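Report on the following structure.
The values are calculated or read from the model by the stated rules, or taken from the named source; none is laboratory data. Here the structure is a predicted model, which is why all the values come from computation and not from measurement. Note that each Cβ is placed from the backbone with ideal geometry, even for glycine, and that neighbours are counted across all protein chains shown.
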Amino acid sequence: MPFFHIGADEAFQVGMCQKDIDLMRSKLDGSRERLMLRHIATIAKHVTSQIKNTKVLMWHDMLNNVDNAMLKEFQ
């Protein structure tokens, strides 16, 4: 399977619950973007560990305002 689409669009509730807020404050510099990238990177690593030679795709709307330096933190 050359591509695997994980969706990840319109995830507006990310970072709203107390567990997310605590994690953002303790490990992610209070950043919702870092929380979303951490989650996406975890999912992508799982997918690629299970399906060799596949590229993970996602909708980009939740990452429109993320700068390239932050993206590189989660490669």
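From (1) assigned to a helix (DSSP H, G or I); (2) more than 15 Å from the chain's Cα centre (by Cα); (3) more than 20 Å from Gln75 (Cβ to Cβ), pick out the condition that doesn't hold for Met16.
Status for Met16: all satisfied but (1).
Give me a count of the residues in segment 29-75 that are of a type in the set (S, T, N, Q), assigned to a helix (DSSP H, G or I) and closer than 24 Å to Lys19 by Cβ.
Taking segment 29-75 as the starting set, the residues that turn out to be of a type in the set (S, T, N, Q) are 31, 42, 48-50, 53-54, 64-65, 68, 75.
Those left that are additionally assigned to a helix (DSSP H, G or I): 42, 48-50, 68.
Within this subset, residues satisfying the condition of being closer than 24 Å to Lys19 by Cβ are 42.
Total meeting the criteria: 1.
Report yes if Asp67 is at pLDDT below 95, surrounded by fewer than 12 Cβ atoms within 10 Å (Cβ to Cβ) and touching an Asp or Glu at 6+ places or on another chain (Cβ under 7 Å), otherwise no.
Working: at pLDDT below 95: yes; surrounded by fewer than 12 Cβ atoms within 10 Å (Cβ to Cβ): yes; touching an Asp or Glu at 6+ places or on another chain (Cβ under 7 Å): no.
No.
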